[in-house]
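What follows draws every value from the coordinates through simple rules; no lab data is involved. These numbers were taken from a predicted model, which means no experiment stands behind them. Using ideal geometry, Cβ is built from the backbone for each residue, glycine included, and neighbour counts are taken over all protein chains shown.
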Amino acid sequence: MVFEVTTLGTGAALPARGRYPTAQLLNVRDELYLIDCGEGTQERLRMAGVNFNRIGRIFISHMHGDHYLGLMGLLSSMHLQGRSRELHVHGPADLKEVVHLQLRVSQTYLRYPLHIHAVASVSGEVIMEDDRVTVTALALKHRLPCTGLVVKERAGLRSLRKEMLPVIPAYRRAGVKQGEDLLAEDGTVIPNAELTLDPPARRSYAFCSDTAYAPELVPFLTGVDLLYHEATFTEALLARAKETLHSTARQAATIARDADVGSLLLGHFSSRYKSADVLLKEALEVFPRTLLSSEGATFKVGTRG
């Protein structure tokens, strides 16, 4: 089943040719979640062939413009396209005021229910759960309150063993998939382990938006299959990274190594770097399983092994 992330924007605050501000589309079992929504996000979604109205939830990490200024345009386009499905937006407490102000002054009355949920930036706190994923918060270290995400797939149902199908009545199969034992006609109990196979391993994705080097995040990131971590600068600009509360590529790789993640995905590149290869090279020296995000690229989230 699908679990993948498409990086729609990989740039930092200033525009750069070929790079857009941060936005990512997460697809988990064909349910779409948008993470951050910088300028141009709806254009990138169109280029990726995504129907806006399939997006059920949007997560905004913080109130710096390169992470949310595309939101109102997207909400408006959904309205103009006749969306009726409700939309949930999760973000900082101030986001609701900003959105409602713009709707009010433009006299826009959305055709769909919009629910804006304030997120407390507390590592490990559950933000949202549905039938596909559990999303928990990461308290990032930035100039404004900034919240990262750990998205973990919820456990699937057990699979019925093919050779046991003849002995499992159709009306009992749903319960057996959920772990129930089977009471046979002769009164014997057939343990669930003899009837089913374990569900696939749960996959996980973590999103570390703008943040200074924060080793305190490691316990919350340990073992995730794919970690996205900002890498705005190289170590040559470590002083600038500390001043702006951003990370270097080496620092991102150090977090990935210490958390023993499956793979590291770098993003949020400063416009001073015409090519992000220099950032990749620096990270690879610390963590070999490192990738560069790029506009429109899709990365599968899969368990190791």
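For the reader, a short list of remarks on this structure follows.
- Note on region 35-168: antiparallel DSSP beta bridges, both residues inside, total approximately 55 percent of the bridges counted.
- More than 23 Å apart - percent of Cα-Cα pairs taken over region 38-168: 43
- Beta bridges by DSSP in the chain, antiparallel share as percent, to the nearest 5: 55
- Compared with the direct C-alpha span, the chain from Glu97 to Lys281 gains 62.0 nm at full extension, assuming 0.36 nm per residue.
- Orientation-averaged projection of region 117-205 equals 7.9 nm² [convex hull of Cα atoms, one quarter of hull surface area].
- Leu8 long-range amide H proximity, modeled H, under 5 Å: Ala23, Gln24, Leu25, Gly296
- Compared with the dominant Cα axis of the chain, that is its longest principal axis, helix 93-105 is turned about 70°.
- Average projected area [Cα convex hull, region 1-105], square nanometres: 6.9
- Summarising the label geometry, the points placed 7 Å from Cα in the beta-carbon direction at Gln107 and Thr222 lie 5.8 nm from one another.
- For the residue pairs Lys152/Lys300; Lys177/Lys300; Lys152/Lys274; Lys96/Lys300, the alpha carbons lie more than 25 Å apart in Lys177/Lys300; Lys152/Lys274; Lys96/Lys300.
- Both radii come from the Cα set of region 206-305: Rg as radius of gyration, Rh as Kirkwood radius; their ratio Rg/Rh reads 0.94.
- Average projection area in nm² (convex hull over Cα atoms of the chain, one quarter of hull surface): 18.2
- The ellipsoid that matches the Cα gyration tensor of region 62-130 has semi-axes, each √(5λ) in whole angstrom, of 22, 15, 10, with the longest given first.
- Angle in degrees between helix 249-259 and the longest Cα principal axis of the chain, rounded to the nearest 10: 20
- Cross-link partners of Lys162 among aspartates and glutamates, defined as those whose alpha carbon lies under 12 angstrom from its own and excluding same-chain residues fewer than eight positions apart: Glu194.
- Dividing the helix sum by the residues of the chain, where each DSSP H run of 4 or more adds -39500 (n - 2.57), gives a mean residue ellipticity at 222 nm of -6000 deg cm²/dmol.
- Once the Cα atoms are used to define both axes, helix 71-80 deviates from the longest principal axis of the chain by about 60 degrees.
- Once C-alpha pairs closer than 8 Å and six or more residues apart are averaged by separation and normalised to the residue number of the chain, the relative contact order reads 17 percent.
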